[in-house]
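Down below is the structure, laid out as structure tokens.
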């Protein structure tokens, strides 16, 4: 007999990252269903009553890990759950496990659902609009409090330029060399050359 275990034909994928689990035992399925409310709310949702993830989705302990309750509810109702797709809520309630409120879709579909359900904190519902005192501005900003931690100029790992080149760019601009030409010379966008000359970037270079 081969030392490798044969893959069970009864395994079914429900995880977002290709994780496979076996079909639930009757006891495990009963434990799962006992954590879902039996009485629907005004929108017809059957809500998850146990623990939730930080993002508000129901959390169910299963085979040594945690899975999202609504994904497992979709799997139990339909017999499949594509790991490459999200399980969306047509009702907009993340704790809902009512199968008729669940359908699979892409990230773009889910983002559109979020906007349609009004779950995006825009306008007066935005956190900074509600609590402007929490914004780290001015002397409370991290860059102001710890300027030594901010990567500027040559200390930034992705920069293509040096302080010597920046000074040269400013000199060449003063004598009439165009931004497009210097961009080709130094391998950067013309807008970068313009920002250097106008001191929007590399401001620390005299």
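The values are calculated or read from the model by the stated rules, or taken from the named source; none is laboratory data. It should be emphasised that the depicted structure is a prediction, and the values quoted were computed from it without experimental measurement. We place every Cβ from the backbone using ideal geometry, glycine too, and count neighbours over all the protein chains shown.
Being over 24 Å from residue 28 (Cβ atoms) and loosely packed, with under 15 Cβ neighbours inside 10 Å, is that true of even one residue in region 59-75? Looking through region 59-75, none of the residues is over 24 Å from residue 28 (Cβ atoms) and loosely packed, with under 15 Cβ neighbours inside 10 Å. On the stretch given as region 37-58, residues that are within 27 Å of the chain's Cα centre (by Cα) and either at pLDDT 95 or above or surrounded by 13 or more Cβ atoms within 10 Å (Cβ to Cβ) (or both) total 9.
Scanning region 190-206 for residues that are surrounded by 14 or more Cβ atoms within 10 Å (Cβ to Cβ), in a loop (DSSP other than H, G, I, E, B) and under 35 Å from the mean Cα position of the chain (by Cα) returns 201, 202.
Each residue in region 146-189 was checked for being within 32 Å of the chain's Cα centre (by Cα), part of a helix (DSSP H, G or I) and surrounded by 12 or more Cβ atoms within 10 Å (Cβ to Cβ), and 2 pass. State yes or no: is residue 95 in contact (Cβ under 8 Å) with a residue 12 or more places away in the chain, surrounded by 12 or more Cβ atoms within 10 Å (Cβ to Cβ) and outside the structural domain of residue 186 (by TED's automatic domain parsing)? Against the criterion (in contact (Cβ under 8 Å) with a residue 12 or more places away in the chain, surrounded by 12 or more Cβ atoms within 10 Å (Cβ to Cβ) and outside the structural domain of residue 186 (by TED's automatic domain parsing)), residue 95 qualifies. Residue 14 meets all of the listed conditions (1) in contact with a helix residue (DSSP H, G or I) (Cβ under 7 Å, 6 or more places away or on another chain); (2) modelled with pLDDT of 90 or more but one, namely (2).
Restricting 116, 129 to residues that are assigned by TED's automatic domain parsing to the domain that holds residue 92 and either at positive phi or out of contact with any strand residue (DSSP E or B) (no Cβ under 6 Å at 6 or more places or on another chain) (or both) narrows the list to 116.
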